[in-house]
Amino acid sequence: MVEPADRPSTAGQRLGAPESFGVSTLEPGLRPPTQSPGRQVCIRVQMLDDTQEVFQISQRSPGKVLFDLVCAHLNLTEGDYFGLEYQDHRKMMVWLDLLKPTLKQIRRPKNTILRFVVKFFPPDHTQLMEELTRYLFALQIKRDLACGHLICNDTSAALMVSHIIQSEIGDFDETQSWQHLLHNKYLPDQDAIRDKITDCHRKLVGQTPAESDYQLLEIARRLEMYGVRLHPAKDREGTKLSLSVAHTGVLVFQGYTKINAFNWSKIRKLSFKRRRFLIKLRPDPTNAHHDTLEFAMSSRDCCKVFWKICVEYHAFFRLFEEPKPKPKPILFTRGSSFRFSGRTQKQIIDYVRDSELKKVPNSHSRKSNLRGDRISLTSIHSKDAADQPGLRFTLLMFSVCVQKFPTDKAYFIAKELLTTERTYLKDLQVVTESFQSAVGKDEAFPDSVKNLISANYDPVYKFHQGFLKEVEQRLAQWSGRSNAHIKGDYQRIGDVLLKNIQGLRQLTVHLQKHSECLVELETSRKVETLCREFEQQRVCYLPFNIFLLRPLHRLLHYKLILERLCKHYPPTHDDFRDCRAALADISEMVLQLQGTMMKMENFQKLLELKKDLTGIDNLVIPGREFIRLGCLSKLSGKGLQQRMFFLFSDSLIYTSRGMTPLNQFKVHGQLPLYGMTVESEEEWGVPHSFTLFGQRQSVVVAASCAPEMERWVEDIRMAIDLAEQSSSPNTDLLSTSPSDNSESVFSEQESEEELCGSRSSLERQGQRGNTTVHVCWHRNTSVSMVDFSVAVENQLSGNLLRKFKNSNGWQKLWVVFTNFSLFFYKSHQDDYPLASLPLLGYSVTVPLESENIHKDYVFKLHFKSHVYYFRSESEYTFERWMEVIRSATCSASRSLPSTRKDLY
């Protein structure tokens with residue numbers, strides 16, 4: 001195989017294409033699973049790139065342990081789409097059951113090779129969140145083409161092979177391309193269309209490997225045989241057919257032509273008896289004589305294997321369906337206790353639980369208040385329920401939300417209080433229950449720190465449990481009646497806030513000691529290690545020290561909610577006086593704790609940066625303040641190179657992406673601010689560049705755009721002014737190893753491996769691969785301390801409907817906005833998010849007419865090729881989501897921590 005030296009060859013390097021598709025994760029950080037004790041057995045697994053890896057598991061370990069080891073080895077977070085298959089004693093290819101012990105399924109582990117392959121093919125590959133997942137799907141398509149499983153015409157085959165070659169060897173070169181095709185077999189009859197392949201390859205000049213993989217999947221998903229695995233069968237007349245299963249239902253093929261498709265909505269029952277596979281359809285007046293179909297298969301085992309595949313496909317893709325009216329569930333008469341594996345099993349249980357028909361509360365009182373052109377909600381529900389008994393009320397909740405909820409803006413302000421309080425209580429639970437449970441069993445964790453956390457967080461958690469119940473009761477009363485005709489106490493929220501804020505004042509002593517808890521967790525390396533281990537758990541979806549500051553931040557949220565209520569209410573309103581009194585109390589508490597809050601936020605940010613940087617011994621020192629971090633291009637002898645810059649109150653350091661297990665950034669140089677000057681004129685013809693003149697060296701850097709350059713120049717100049725006003729130059733800067741003192745040393749010792757790492761976008765996504773620092777690196781942007789302060793205040797939670805660019809349906813999700821990211825849950829009761837979307841670099845707008853989104857209260861998030869649509873329930877919630885997301889996508893112009901006082 002001919003491959004140029006400068007062409008990326010590994011998966012990590014391939015994912016370093018300039019056109020990144022974003023950063024996201026389902027589970028922040030993967031670790032090898034805990035195994036049960038016992039003798040270890042070696043299992044060989046063949047990956048999609050045909051390499052073989054050996055994994056050691058315990059004899060009693062279930063299949064999920066082996067599967068998780070494979071996912072951890074690949075650093076794969078979207079593992080639900082994949083599976084392990086092997087050939088059993090009957091010479092049949094079967095899937096490894098993840099809940100059964102591995103060695104009870106594989107009788108001869110030494111002689112068995114499991115294959116890691118794609119198990120579920122989504123209808124649209126843009127649903128995949130990770131570039132690594134798309135790359136693995138591309139490898140699966142490549143394998144299916146070579147094996148002859150993916151049948152298509154010559155034009156499609158030539159186009160797909162040309163994209164594969166483009167991703168492997170780069171731009172077209174006639175001699176090199178011909179030799180590559182001679183030495184590599186991509187199609188069974190490749191020689192017949194070799195000219196057509198080279199013609200297609202010639203048109204792909206400049207296309208990156210990631211773009212080639214994307215286009216390959218785009219072509220493959222339009223093919224009839226995409227993701228199809230055929231199972232030989234015969235119909236009643238003895239005609240040779242093949243059965244397959246897809247996300248839509250059961251497919252029937254004659255040869256390689258699809259002759260029939262039975263959608264899940266048409267199927268009432270799937271079963272097998274002896275050697276026959278039975279499909280029982282729902283009653284259809286147009287086809288009354290063919291309600292049961294029989295297919296003969298070679299053996300009962302073949303029927304059972306295909307039946308299990310149908311069960312898993314049907315259950316898996318129901319998780320991604322739009323909440324809409326559904327018929328009665330399909331009956332699987334054999335193996336009704338069939339169990340699913342891993343996270344999918346929990347999602348299935350949640351889905352079945354949430355899909356139960358919910359009655360409309362207070363429907364009679366609500367019906368009487370619908371006037372004019374409004375349709376009776378009760379009549380709609382009854383009518384649809386009669387036609388389709390499995391109706392979910394979720395879709396109606398959004399389509400007629402103006403009928404379901406009061407129209408008063410105060411109701412939605414109070415509802416924001418409720419939704420954010422639910423998230424806040426879950427965050428407190430991370431500290432009071434999850435963390436204390438994790439470290440309570442470790443004798444190395446100091447009892448003094450345990451007692452300090454328990455004494456100061458447990459009372460706050462119990463207090464807010466009672467507060468949440470009161471708010472839920474008041475909102476339930478409020479939404480149960482129309483505010484157009486009846487006035488009463490149920491429409492007031494100020495009295496609830498006033499009573500509980502006065503109670504919260506009694507907890508001020510505990511709030512003041514929360515900063516002590518943050519400091520105590522940094523007292524020893526052992527405690528710090530235990531905290532880092534806890535951060536790898538899915539329940540800890542943010543850095544742990546952020547949870548410790550949540551009670552202080554929650555005071556700001558109360559203050560902003562009360563300000564909006566007071567602004568909305570007229571002075572004559574019954575609730576105005578209580579809201580004003582509560583606002584006065586909470587403002588006094590915020591003012592009292594403001595100094596502590598600002599110091600702790602800066603301290604917390606320095607601790608986070610300490611984890612992301614390597615080569616620094618004394619980052620967290622008294623008096624040092626964090627100002628801005630972000631991505632800039634530094635001009636050197638090798639041209640412009642991407643670097644990560646960190647601006648503090650006394651120095652500016654620049655780093656590159658390291659190749660450490662924790663994906664830390666390696667310090668390359670540091671510039672003292674004392675005596676530094678900045679010139680923003682472009683040099684060397686580099687746009688958006690500016691020069692930093694220090695006492696010992698000068699550096700030319702370039703920003704990604706003009707506004708980004710202005711923010712950096714403004715921050716650096718203000719930091720220089722403050723540094724020069726200090727007592728004396730700070731000569732003891734960030735201490736590093738002796739070899740790290742000179743920029744020339746760094747330039748000489750910088751390896752090609754590190755250069756590849758600095759250009760990569762998602763490679764080696766490890767335990768800390770999705771922090772704010774890494775997102776800024778991937779998105780080529782920056783964020784300041786003021787941005788962090790604004791983000792602390794602009795937190796939001798609630799239900800939204802989400803839609804992808806190329807999908808038709810809307811999916812209901814519980815969405816939490818915090819730390820510049822959206823976190824997605826199935827419901828507010830879930831302990832950890834299913835996925836996350838960092839928003840730095842994204843743009844938020846409203847859809848255009850050409851996008852055909854004919855719904856109210858819809859906003860759009862887009863970054864390069866990624867597009868998401870979100871639908872809210874009212875005009876107020878729409879404006880709030882737009883407001884908080886803009887705070888994450890638009891950097892603040894002010895940049896020094898001292899400006900935080902202007903925010904109150």
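Every number here is computed from the coordinates shown, using simple stated rules; none is lab data. Bear in mind the structure is a predicted one, so any value in this text is a computation, not a measurement. All Cβ positions, glycine included, derive from the backbone under ideal geometry; neighbour counts span all protein chains shown.
Observations
- Ranked Cys42, Cys566, criterion: other C-beta atoms within 10 Å, fewest first: Cys42, Cys566
- Using a Förster distance of 25 Å, the FRET efficiency for His89-Arg274 (Cβ separation, nearest 0.05): 0.75
- The rule of thumb for compact globular proteins, 2.2 N^0.38 Å, goes into the C-alpha radius of gyration of the stretch 130-220 0.98 times.
- Residues in the stretch 110-118 carry Karplus couplings, in order, of 5, 9, 10, 10, 7, 10, 8, 9, 6 Hz; the curve used is 6.51 cos²θ - 1.76 cosθ + 1.60 with θ = phi - 60°, and Gly or Pro positions show x.
- As a rough footprinting exposure proxy, the listed residues Leu428, Leu800 were ranked by other beta carbons within 10 Å of their own, and the order from fewest upward is Leu428, Leu800.
- Net charge of neighbours whose Cβ lies under 13 Å from the Cβ of Ala584, counting Lys and Arg as +1 and Asp and Glu as -1: 0
- Distance in nm between pseudo-label sites at Glu879 and Ser843 (7 Å out along the Cβ direction from Cα): 2.4 nm
- For Thr239 and Gln176, the difference between the fully extended length at 0.36 nm per residue and the C-alpha to C-alpha distance is 17.9 nm.
- Maximal additional length on extending the Lys258-Arg525 stretch stands at 89.9 nm, based on 0.36 nm per residue less the C-alpha distance.
- Estimated inter-spin distance, Ala72 and Lys203, nm [label 7 Å along Cα→Cβ]: 4.7 nm
- Distance-filtered residues of the stretch 861-892 - backbone nitrogen under 20 Å, label point 7 angstrom along Glu218 Cα→Cβ: 861-869
- Difference of contour (0.36 nm per residue) and Cα-Cα distance, Arg194 to Gln697: 175.5 nm
- Take the Cβ atoms of Gln52 and Ala444, set R0 to 35 Å, and the FRET efficiency comes out at 0.35.
- In the stretch 187-253, GluC sites (Glu not before Pro) in a DSSP loop with at most 14 other beta-carbon atoms within 10 Å: Glu224, Glu237
- Exposure proxy ranking, count of Cβ atoms within 10 Å, fewest first, for Trp178, Trp307: Trp178, Trp307
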